[in-house]
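S.K.: Structure provided below as structure tokens; questions to follow.
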Amino acid sequence: MEPSTGKAQLLRFLTFLSLLFIIHGRLTLDPSDLQALITVQTQLGYRNQNGVKPTNPCNTAGVFCERRLSNNNTYVLKITRLVFKSHLLSGSLSPAIGRLPELKEISLSDNSLVDRVPPQIVDCRKLEILSLGNNQFSGEVPPQLSKLIRLRTLDLSSNRFSGNLSFLKHFPNLENLSISDNFFSGKIPASVRSFRNLRFFNFAGNEFLEGSAPKMKRVEISASSDVPRRFIFAETSNSTTGTPTRSNRTNSIAPAPVGSNAQAPGPSATPTKKDKKKKKKLGVWLLGFFAGALAGSISGFIFSLLFKLLLAVVRGGGKDSGPAIFSSLIKRKEDLAFLEKEDGLASLELIGRGGCGEVYRADLPGSNGKQIAIKKIIQPPKEAAELTEEDSKQMNKKMRQIRSEINTVGQIRHRNLLPLLAHVSRPDCHLLVYEYMKNGSLQDMLSETSERRRELDWATRHRIALGIASGLEYLHVHHTPHIIHRDLKPANVLLDDDMEARIADFGLAKAMPDYQTHITTSNVAGTVGYIAPEYHQTLKFTDKCDIYSFGVLLGVLIIGKLPSDDFFQSTSEMSLVKWMKNVLTSEDPKQAIDPVLMGNGLEDQMLLVLKIACFCTVDNPKERPNSKDVRCMLDQIKH
């Protein structure tokens, strides 16, 4: 292929993507952001340098915008940063600042701004940098400021803030904190020690603060070289009045103040008191020793008892409690009583076998022929002392997977997620009960389609992709806390009677609270070919790792081959993702489409889905779309 031709193809590809994501129109600033910006700039006393009103506010110095998807599924510009450092501003910060929900940075340092910080600022939930240093702000800092859990930098230095530090409650991502040169009072809260990412803390120049800063590892604490007066009064003696120091009050008899007529105690009195004190201390020490020994013995007995009970629960000792039911599809616990018997699975049909155990099919009693699938997870039939290190690791891994399944699909419901119906604990194993999906997994369906034993047309594949995207959107966006699947692949997507996709196997899933930006693991989990590159490199995963896996899955749906297929090992790329991207920029991108789908006149739609797959699998996770964007893009493809 000629270089010029390749460049032309790449240019057309980029142009197409641009048209797709900009929705064939020039992006404009969201009207609500525009009104809020005008109000904020006016109250700050901001004046445009050349005096000419800009046609696009996002081109104003200090105003930064980014593209966002609006509620009606169109793209608009939203203000993400306001940087007005050293702009000679002399106004105040308007409550309208809270109407800019996408703000990540507010930098107004080195001006002459006055008045209070409006409490509406806590509505900027995505704020990462709040820099108000070297102004004339006054009053108390809004106590709800700790709701800004994404803050990394908080600079309130060199202002006239007063009141206590109750706003320093919970900042899990805070790295730099400066409250120096203000009029804060009270004590520095101990909650500062919970700011696990804090690296710099400056509280100098607050003469009314009491106590010292809490000790923290790896934190550079900057305090004034001049000890505040309250420290002096509390820690050192007054030379004029003879006020005793704290140590003097504790360890010696205070001298009489100047001008006092009080008599000094006689020399014989002191030894008698000292002897009494020594005897008293010895008695207290002995009593404490025996009390501690008794308490330690009792604690050891209780701990051993609790450990045995816990081990019995882990090994499935709670047999009398019966099955744990999570769905109304199972009317009574007695309907699953047959699973508690040792030979309860002997007569059932074995339909699959995986890394966690075997899967059986059974008829649910009293359900008019409703079928269930039962996953059997075996645990070693040994006492804890007899477990080898490998057995112990396997049991811990399986127990984590059981807990993960129960804590995710055991508690949530969505049409594109496979629900957990029940959990049965037995001494030798755990049984997880699900709805039976007669069409099997997407991987099985694709395999049978390639062998021409079944058909999977384009409309069905598109509906499957859209269903998976909807399930991911629910996990990533709508459920609280957000859930990351971590093992999205065709084998973990099941198909119901109507060929609707159901995301299954949540054994590796993790819940991620709102205040966390990522989760770090000790090792990589997932399936080779579907794991995002940044997770391989850093052991940190986010919802964008699921998006990468979904991009690979989209490629599999269109190409008809798994990443592990021998076909890709024979290519120069040796990778489904790289091969897919190279073919799409070639002269004949349709060679990436599964041959059984060709000839229906819908190849352009399939190429569009492949381009979405490329978008989902870019190396930089920040450039990948979120699950809602992906679902919207797929939803716009009409047959």
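The values are calculated or read from the model by the stated rules, or taken from the named source; none is laboratory data. Treat the numbers as computed from the prediction; the structure is a model and nothing was measured. A quick note on method: Cβ atoms are made from the backbone with ideal geometry, for glycine too, and the neighbour counts reach across all protein chains shown.
S.K.: Does residue 367 qualify as being modelled with pLDDT under 80, exposed (fewer than 14 other Cβ atoms within 10 Å of the Cβ) and outside the structural domain of residue 510 (by TED's automatic domain parsing)?
M.R.: Values: modelled with pLDDT under 80: yes; exposed (fewer than 14 other Cβ atoms within 10 Å of the Cβ): yes; outside the structural domain of residue 510 (by TED's automatic domain parsing): yes.
Spelling it out, residue 367 is indeed modelled with pLDDT under 80, exposed (fewer than 14 other Cβ atoms within 10 Å of the Cβ) and outside the structural domain of residue 510 (by TED's automatic domain parsing).
S.K.: Name the residues in the range 459-492 that are within 21 Å of residue 608 (Cα to Cα) and either of a type in the set (S, T, N, Q) or not assigned by TED's automatic domain parsing to the domain that holds residue 548 (or both), would you?
M.R.: 460, 470
S.K.: When you go through (1) under 26 Å from residue 592 (Cβ atoms); (2) of a type outside the set (S, T, N, Q); (3) in contact with an Asp or Glu (Cβ under 6 Å, 6 or more places away or on another chain) one by one for residue 508, which number turns out not to apply?
M.R.: (1)
Conditions tested, residue by residue: (1) of a type in the set (Gly, Ala, Ser); (2) buried (at least 17 other Cβ atoms within 10 Å of the Cβ); (3) in contact with a Lys or Arg (Cβ under 6 Å, 6 or more places away or on another chain).
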site: 122; (1), (2), (3): no, yes, yes
site: 125; (1), (2), (3): no, no, no
site: 132; (1), (2), (3): no, yes, no
site: 160; (1), (2), (3): no, no, no
site: 173; (1), (2), (3): no, yes, yes
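S.K.: May I ask you to list the residues in the range 324-352 that are within 14 Å of residue 376 (Cα to Cα), assigned to a loop (DSSP other than H, G, I, E, B) and in contact with a helix residue (DSSP H, G or I) (Cβ under 8 Å, 6 or more places away or on another chain)?
M.R.: 344, 345
S.K.: Out of all the residues in the range 568-590, is one or more modelled with pLDDT of 90 or more and touching a Lys or Arg at 6+ places or on another chain (Cβ under 6 Å)?
M.R.: no
S.K.: Among the residues of the range 357-378, which ones are outside any strand (DSSP E or B) and in contact with a helix residue (DSSP H, G or I) (Cβ under 6 Å, 6 or more places away or on another chain)? Before you say what the answer is, go through the steps one by one.
M.R.: Initial filter on the range 357-378 (outside any strand (DSSP E or B)): 364-370.
Selection gives 365, 366.
S.K.: Still on this structure, please answer the following. Just give me the residues in the range 476-487 being touching a strand residue (DSSP E or B) at 6+ places or on another chain (Cβ under 8 Å) and assigned to a helix (DSSP H, G or I), in sequence order. Please lay out each step first, then the result.
M.R.: In the first step, residues of the range 476-487 are kept if they are touching a strand residue (DSSP E or B) at 6+ places or on another chain (Cβ under 8 Å); the result is 476, 481-486.
Residue satisfying the conditions is 476 alone.
S.K.: Moving on to the next point. Can you list the strands (runs of 3 or more DSSP E) lying wholly within the range 63-175 that have 1 or more residues being basic (Lys, Arg) and assigned by TED's automatic domain parsing to the domain that holds residue 45?
M.R.: 63-69, 75-83, 160-163
S.K.: While we're looking at this one, here's another question. Just to be sure I understand, how many residues within the range 176-213 are touching a Ser or Thr at 6+ places or on another chain (Cβ under 9 Å) and part of a loop (DSSP other than H, G, I, E, B)? Step through it out loud before you land on a result.
M.R.: Here is the first cut: in the range 176-213, the residues touching a Ser or Thr at 6+ places or on another chain (Cβ under 9 Å) are 176-186, 188-189, 191, 200-210.
Then drop every residue that is not part of a loop (DSSP other than H, G, I, E, B), which leaves 179-182, 188-189, 203-207.
Going through the range 176-213 one residue at a time, the tally reaches 11.
S.K.: I've got another one for you. Working carefully through the options 413, 453, 461, find the one that is over 26 Å from residue 635 (Cβ atoms) and out of contact with any Phe, Trp or Tyr (no Cβ under 6 Å at 6 or more places or on another chain).
M.R.: Working: 413 fails: over 26 Å from residue 635 (Cβ atoms); 461 fails: over 26 Å from residue 635 (Cβ atoms).
Among 413, 453, 461, only 453 is over 26 Å from residue 635 (Cβ atoms) and out of contact with any Phe, Trp or Tyr (no Cβ under 6 Å at 6 or more places or on another chain).
S.K.: Still on this structure: Right, residue 464: within 17 Å of residue 550 (Cα to Cα) and either in contact with a strand residue (DSSP E or B) (Cβ under 6 Å, 6 or more places away or on another chain) or surrounded by fewer than 21 Cβ atoms within 10 Å (Cβ to Cβ) (or both) or not? Break it down stepwise before answering.
M.R.: Numbers: within 17 Å of residue 550 (Cα to Cα): yes; either in contact with a strand residue (DSSP E or B) (Cβ under 6 Å, 6 or more places away or on another chain) or surrounded by fewer than 21 Cβ atoms within 10 Å (Cβ to Cβ) (or both): yes.
So residue 464 passes the test.
S.K.: Here is a further query. Do we find that residue 447 is within 30 Å of residue 363 (Cβ to Cβ) and assigned by TED's automatic domain parsing to the domain that holds residue 336 in this structure?
M.R.: Details: within 30 Å of residue 363 (Cβ to Cβ): yes; assigned by TED's automatic domain parsing to the domain that holds residue 336: no.
Considered against the rule, which asks whether it is within 30 Å of residue 363 (Cβ to Cβ) and assigned by TED's automatic domain parsing to the domain that holds residue 336, residue 447 comes out as no.
S.K.: Looking for whichever is at pLDDT below 95 and either out of contact with any strand residue (DSSP E or B) (no Cβ under 8 Å at 6 or more places or on another chain) or more than 27 Å from residue 470 (Cα to Cα) (or both) here; the options are 628, 638. Which one fits?
M.R.: Working: 628 fails: either out of contact with any strand residue (DSSP E or B) (no Cβ under 8 Å at 6 or more places or on another chain) or more than 27 Å from residue 470 (Cα to Cα) (or both).
On inspection, the qualifying residue turns out to be 638.
S.K.: Of all the residues that make up the range 616-632, how many are part of a helix (DSSP H, G or I) and either free of Cβ contacts under 8 Å to residues at least 12 places away in the same chain or surrounded by 21 or more Cβ atoms within 10 Å (Cβ to Cβ) (or both)? Break it down into steps so the answer makes sense when it comes.
M.R.: First, pick out the residues of the range 616-632 that are part of a helix (DSSP H, G or I): 616, 621-623, 627-632.
Next, from what is left, pick out any that are either free of Cβ contacts under 8 Å to residues at least 12 places away in the same chain or surrounded by 21 or more Cβ atoms within 10 Å (Cβ to Cβ) (or both): 616, 623, 627, 629-631.
Residues in the range 616-632 being part of a helix (DSSP H, G or I) and either free of Cβ contacts under 8 Å to residues at least 12 places away in the same chain or surrounded by 21 or more Cβ atoms within 10 Å (Cβ to Cβ) (or both): 6 in total.
S.K.: Something else now. If a residue must be surrounded by fewer than 20 Cβ atoms within 10 Å (Cβ to Cβ) and part of a helix (DSSP H, G or I), how many such residues does the range 425-455 contain?
M.R.: Going through the range 425-455 one residue at a time, the tally reaches 6.
S.K.: Here's another thing I want to ask about it. Taking helices (runs of 4 or more DSSP H) that do not extend beyond the range 488-571, which have at least 2 residues that are touching a Cys at 6+ places or on another chain (Cβ under 7 Å)? Can you show your working first?
M.R.: Numbers: elements: 533-538, 543-559, 566-569.
Once the helices (runs of 4 or more DSSP H) in the range 488-571 are filtered for at least 2 residues that are touching a Cys at 6+ places or on another chain (Cβ under 7 Å), what remains is 543-559.
S.K.: If you don't mind, there's one more thing I want to ask. Test each condition in (1) hydrophobic (A, V, I, L, M, F, W, C); (2) more than 18 Å from residue 326 (Cβ to Cβ); (3) modelled with pLDDT of 70 or more for residue 385 and report the one that comes out false.
M.R.: (3)
S.K.: Further question: Among the residues of the range 353-375 satisfying the criterion of being of a type in the set (Gly, Ala, Ser) and on the phi < 0 side of the Ramachandran plot, which is farthest from the chain's Cα centre (by Cα)?
M.R.: Our first condition is that a residue be of a type in the set (Gly, Ala, Ser); within the range 353-375, this holds for 354-355, 357, 362, 366-367, 369, 373.
Next cut, on the phi < 0 side of the Ramachandran plot only: 354-355, 362, 367, 373.
On the way: 354: 29, 355: 27, 362: 38, 367: 40, 373: 32 Å.
Going through the qualifying residues, I end up with 367.
S.K.: Under 8 Å between Cβ atoms, which residue pairs at least 6 apart in sequence (or on different chains) link something in the range 512-540 that is in contact (Cβ under 8 Å) with a residue 60 or more places away in the chain with a partner that is crowded, with 17+ Cβ neighbours inside 10 Å and among the aromatic types (Phe, Trp, Tyr)?
M.R.: 532/541; 532/548; 533/548
S.K.: I want to confirm something. Restricting to the range 619-639 and keeping residues that are among the basic types (Lys, Arg) and under 15 Å from residue 71 (Cα atoms), which single residue is nearest to the chain's Cα centre (by Cα)? Before you say what the answer is, go through the steps one by one.
M.R.: Filtering the range 619-639 for residues among the basic types (Lys, Arg) gives 622, 624, 628, 631, 638.
Within this subset, residues satisfying the condition of being under 15 Å from residue 71 (Cα atoms) are 628, 631.
Values: 628: 17, 631: 21 Å.
Applying the filter and picking the extreme gives 628.
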